[in-house]
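Let me begin by presenting the structure, written as structure tokens, before commenting on it.
The values are calculated or read from the model by the stated rules, or taken from the named source; none is laboratory data. Everything quoted here is computed from the prediction, not taken from an experiment. Cβ placement follows ideal geometry from the backbone for every residue including glycine, while neighbour counts extend to all protein chains displayed. Note: accessible area is taken over every heavy atom of the protein model, side chains too, but ligands, DNA and RNA are not part of it. Shrake-Rupley method; radii C 1.70, N 1.55, O 1.52, S 1.80 Å.
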Amino acid sequence: MSTLIQLQADTVRDNLYKAPFAARHGLSGHPLFTLDRLVRLAQSMDRDRIEYNAGRLAPDQRPEDTPGIDLPAVEVIRRIETCGAWMAIKNVELDPDYRALLEGCLADIRAAQDADAEPVEDIRGFIFVSSAGSVTPFHVDPEQNILVQIAGDKVVRIFDNEDRSLVSEEDMEMSPDKHRNQRYSEDFETRARAFRLGEGDGVHIPYLWPHWVEAGESYSISLAITWKTPSVIRANKIRFMNGALRRLGLPQAAPGRRPRLDGAKVFAYDAMRAGLEPFRRSESLRRLLRRVLFGRKANYYYGS
Ligand SMILES: [Fe+2]
């Protein structure tokens, strides 16, 4: 059995991409997750890859009311035991050490899948560094995910949203000016499956399954190991174009409902993205592009 992600082949076969399930991992104590190493990682990342704010939030936190933390990112990590913060370091696959670790984790996931499973693409990692009691409000993520708990503990509440009654299809459309947080109501709670993660535990959160997360009584470090299949990449392109067309007053059908139109949206997305790609390589140009195309709210995470 691998020392990275430990998965049961029958659990993966029955549940991967269809329902959450618990997993185990061997990453706790790994040298890439000491606070010193995470400080060096944060120092090497562009500022727009790091998002942080005060940690004691509600699951229905309004983005515009999220309190900030008046410290530089590296100080937040150094003082995470006491500073009451929540932080996400995004796209850690840009660092070769973390990239290699993520590739190793995905090798375990691939090995547990059926031979005819969709290919695993676009591997990304997100490291969450949170003070005790920090909350990640209710949201959905546009990727497949295995969240692993490295230090401390967390409760992850995951919700089935197949009928779209918790988060609507419109709210799952994508646009850089849309904050991740979704509307949440306490009566959703009865529909949650709660996964308690201690060190060494993990959980699979399928594409667009809503969830919110609460750290336990000590500080927490966790890693979201994420990837996309070709069908997820395609659905995301359609949801991005649907978000853009809605801004123009042209609301659209959900992915899969109008296959011909879906094809045109994917074509348009690919053409647009190819044109913008050269401008996305530097942080200042990414920031300017978001500002010009989507407005000031698209750069909300600079507000900390
Ligand atoms: Fe998430």
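Some observations on this one:
- Between region 107-145 and region 1-36, the alpha-carbon center distance in angstrom: 10
- Heavy-atom accessible surface of the chain: percent carbon and sulfur, 1.4 Å: 51
- For the chain, the normalised intensity computed at q = 0.06, 0.09, 0.11 Å⁻¹ comes to -0.19, -0.44, -0.68 (log10 of I(q)/I(0), Debye sum over alpha carbons, equal scatterers, no solvent).
- Pairs from the table (LYS154/LYS178; LYS228/LYS265; LYS90/LYS228; LYS178/LYS237; LYS90/LYS154) lying more than 21 angstrom apart at Cα are LYS154/LYS178.
- Cβ-Cβ FRET estimate between ASP171 and ASP36, R0 fixed at 30 Å, reported to 0.05: 0.15
- When all protein chains stay in place and ligands, DNA and RNA are ignored, the 1.4 Å accessible-area order of LYS178, LYS228, largest first, is LYS178, LYS228.
- When both region 185-257 and region 41-76 are represented by their alpha-carbon centers, they are found 19 Å apart.
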